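**Q** Before I ask anything, let me first share the structure, which is written out below as structure tokens.
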Amino acid sequence: MRAVGVAQFGGPEALKIIELPEPQPGKGEVRIRVHAAAVNPTDSLLRSGEIAKLVPRLPPPPYIPGMDAAGIVDAIGPGTDGRLKVGDRVVAIVSPLGPHGGAYAEQIVVPAASVVPVPAGADLPAASTLLMNALTVRLALDALGLRPGQTLAVTGAAGAIGGYAIELGKADGLRVIADASPTDHALVESLGADVVLERGDDLARRIRGVVPQGVEGVIDGAMFHEKILPAIADGGGIATVRGWNGPTERGIVAHPVFVSAGLTDTAKLDRLRQQAEDGVLKLRVARVLPAAEAAVAHRLLEAGGVRGRLILDFTA
């Protein structure tokens with residue numbers, strides 16, 4: 001079986017096509033013939049060795065990146081609930097540090113609980129962009145616990161997490177203030193933001209110009225961290241995506257969000273699938289590349305400015 005793996009941590013050139021034994025699903029697991037795997041910043045963290053600094057006991061290499069896959073169920077292990085069957089078109093959220101590795105492979109084995117149907121009307125490359133980023137945002141919103149009518153600020157709003165934060169925030173009945181460069185203003189506005197402000201280090205000041213009392217919560221996709229705290233009302237919250245947890249000020253609570261907490265929460269995953277199907281969430285593909293060009297995809301991602309997700313095609 002062909003996969004894209006990392007034997008030694010490094011730059012994009014560390015990604016190599018490797019051959020692995022065909023995986024077999026165990027109890028409660030399914031195997032998916034992968035058609036598309038989305039490329040996310042967390043994949044770069046695994047490839048570069050940054051994640052290894054946070055996880056003291058990694059399994060031996062090679063490491064297979066990737067947390068988002070879409071494809072066809074081709075085998076089902078014992079002990080599943082009958083919800084899935086061979087031939088189903090599905091999306092899966094994948095743990096690259098799990099026993100079977102990540103999504104950059106022709107076949108993956110994952111818990112059945114981490115798999116839901118492809119949203120109706122979506123092709124497999126688009127479907128592969130959904131779960132990891134949208135689940136991260138869902139967990140962030142749940143942690144913040146804002147009520148309908150309250151105000152959420154989103155940083156990095158043109159990115160995948162930022163875009164889903166706008167859309168899910170609006171679906172939760174929140175007023176959403178988002179940042180954008182001039183070239184991204186129309187995009188961020190089209191995602192549903194109520195107010196779009198110029199991005200930059202003084203974003204907090206601009207937010208206070210719109211909401212003098214401060215916003216009740218922030219989803220900090222741009223990782224402003226302490227720079228965005230002045231925008232938040234006393235006792236508000238900030239959801240962060242790389243583990244930052246303060247120090248904060250004025251009773252503001254930091255909520256580091258780890259998507260691993262929801263990998264087998266089928267109900268949440270299926271709700272996101274339904275919201276994509278209903279058009280609440282827009283599935284954005286920047287470009288599809290052959291799996292053999294994974295290094296190219298990582299270079300493009302790290303260069304910045306990608307809008308939507310880069311996708312690796314494992315069918316060629």
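The values are calculated or read from the model by the stated rules, or taken from the named source; none is laboratory data. This is a predicted model, so every value here is computed, not measured. No Cβ is skipped: glycine too gets one built from the backbone with ideal geometry, and neighbour counts run over all protein chains shown. Ligands, DNA and RNA are excluded from the accessible area calculation, which covers all protein heavy atoms including side chains. Shrake-Rupley method; radii C 1.70, N 1.55, O 1.52, S 1.80 Å.
**Q** Can you pull out the residues in region 267-295 that are of a type outside the set (Asp, Glu) and over 19 Å from Gly159 (Cα atoms)?
**A** Matches in region 267-295: Ala267, Lys268, Leu269, Arg271, Arg273, Gln274, Leu289, Pro290, Ala291, Ala292, Ala294, Ala295.
**Q** Looking at region 102-111 only, could you name the residues that are crowded, with 24+ Cβ neighbours inside 10 Å and either outside any strand (DSSP E or B) or in contact with a Ser or Thr (Cβ under 7 Å, 6 or more places away or on another chain) (or both)? Reasoning before the result, please.
**A** Let us first name the residues in region 102-111 that are crowded, with 24+ Cβ neighbours inside 10 Å, namely 102-105, 108, 110.
Gly102, Ala103, Tyr104 - these are the residues of region 102-111 that are crowded, with 24+ Cβ neighbours inside 10 Å and either outside any strand (DSSP E or B) or in contact with a Ser or Thr (Cβ under 7 Å, 6 or more places away or on another chain) (or both).
**Q** On to the next question. Taking the options Leu283, Leu301, Leu289, name whichever one is in a strand (DSSP E or B) and surrounded by 17 or more Cβ atoms within 10 Å (Cβ to Cβ). So that I can check it myself, show each step before the final result.
**A** Details: Leu283 fails: in a strand (DSSP E or B); Leu301 fails: in a strand (DSSP E or B).
Of Leu283, Leu301, Leu289, the one residue that is in a strand (DSSP E or B) and surrounded by 17 or more Cβ atoms within 10 Å (Cβ to Cβ) is Leu289.
**Q** Taking only region 120-155 into account, find how many residues are under 20 Å from Arg307 (Cα atoms), open to solvent by 30 Å² or more (accessible area, probe 1.4 Å) and not in a loop (DSSP other than H, G, I, E, B). Full working, then the answer.
**A** As a first pass, look at region 120-155 and keep what is under 20 Å from Arg307 (Cα atoms): 122-137, 153-155.
Going one step further and asking which of them are open to solvent by 30 Å² or more (accessible area, probe 1.4 Å), we end up with 123, 125.
Then drop every residue that is not not in a loop (DSSP other than H, G, I, E, B), which leaves 125.
Qualifying residue count for the region: 1.
Each row is one residue, and each column tells you yes or no for (1) out of contact with any Gly (no Cβ under 9 Å at 6 or more places or on another chain); (2) more than 23 Å from Gly221 (Cβ to Cβ); (3) of a type in the set (A, V, I, L, M, F, W, C).
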{"position": "Asn40", "(1), (2), (3)": "no, no, no"}
{"position": "Asp43", "(1), (2), (3)": "no, no, no"}
{"position": "Leu54", "(1), (2), (3)": "no, no, yes"}
{"position": "Pro65", "(1), (2), (3)": "no, no, no"}
{"position": "Gly71", "(1), (2), (3)": "yes, yes, no"}
{"position": "Asp74", "(1), (2), (3)": "no, yes, no"}
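**Q** Right, here's the next one. On the given criteria, is Thr264 within 23 Å of the chain's Cα centre (by Cα), over 17 Å from Val154 (Cβ atoms) and polar (S, T, N, Q)? I'd like the intermediate steps shown before the answer.
**A** Numbers: within 23 Å of the chain's Cα centre (by Cα): yes; over 17 Å from Val154 (Cβ atoms): yes; polar (S, T, N, Q): yes.
Taking the combined requirement at face value, the residue satisfies it.
**Q** Using the structure shown, decide if Thr248 is open to solvent by 40 Å² or more (accessible area, probe 1.4 Å) and either touching a Leu at 6+ places or on another chain (Cβ under 7 Å) or not in a loop (DSSP other than H, G, I, E, B) (or both).
**A** Numbers: open to solvent by 40 Å² or more (accessible area, probe 1.4 Å): yes; either touching a Leu at 6+ places or on another chain (Cβ under 7 Å) or not in a loop (DSSP other than H, G, I, E, B) (or both): yes.
It is true that Thr248 is open to solvent by 40 Å² or more (accessible area, probe 1.4 Å) and either touching a Leu at 6+ places or on another chain (Cβ under 7 Å) or not in a loop (DSSP other than H, G, I, E, B) (or both).
**Q** Could you please find all residues in region 195-245 being in contact with a strand residue (DSSP E or B) (Cβ under 6 Å, 6 or more places away or on another chain), part of a loop (DSSP other than H, G, I, E, B) and open to solvent by 20 Å² or more (accessible area, probe 1.4 Å)?
**A** Within region 195-245, Arg199, Gln213, Gly221, Ala222, Phe224, Gly243, Asn245 qualify.
**Q** Inside region 1-54, counting only strands (runs of 3 or more DSSP E) that do not spill past its ends, which hold 1 or more residues that are buried (at least 19 other Cβ atoms within 10 Å of the Cβ) and in contact with a Leu (Cβ under 8 Å, 6 or more places away or on another chain)? Outline the logic, then answer.
**A** On the way: elements: 2-6, 15-19, 29-39.
The qualifying strands (runs of 3 or more DSSP E) are 2-6, 29-39.
**Q** If you don't mind, another one. I want to confirm something. Restricting to region 178-194 and keeping residues that are outside any loop (DSSP other than H, G, I, E, B) and charged (D, E, K, R), which single residue is most open to solvent (accessible area, probe 1.4 Å)?
**A** Of all residues in region 178-194, those outside any loop (DSSP other than H, G, I, E, B) come to 178-180, 182-190.
Now drop any that are not charged (D, E, K, R), which leaves 179, 184, 189.
Values: Asp179: 4, Asp184: 15, Glu189: 108 Å².
It comes out as Glu189.
**Q** Any residue in region 241-259 that is closer than 19 Å to Leu135 by Cα and small (Gly, Ala, Ser)?
**A** Within region 241-259, the first condition is being closer than 19 Å to Leu135 by Cα, and the residues that meet it are 241-244, 254-259.
If we keep only those that are small (Gly, Ala, Ser) as well, we get 243, 254.
Within region 241-259 (the criterion being closer than 19 Å to Leu135 by Cα and small (Gly, Ala, Ser)), the answer is yes, since at least one residue qualifies.
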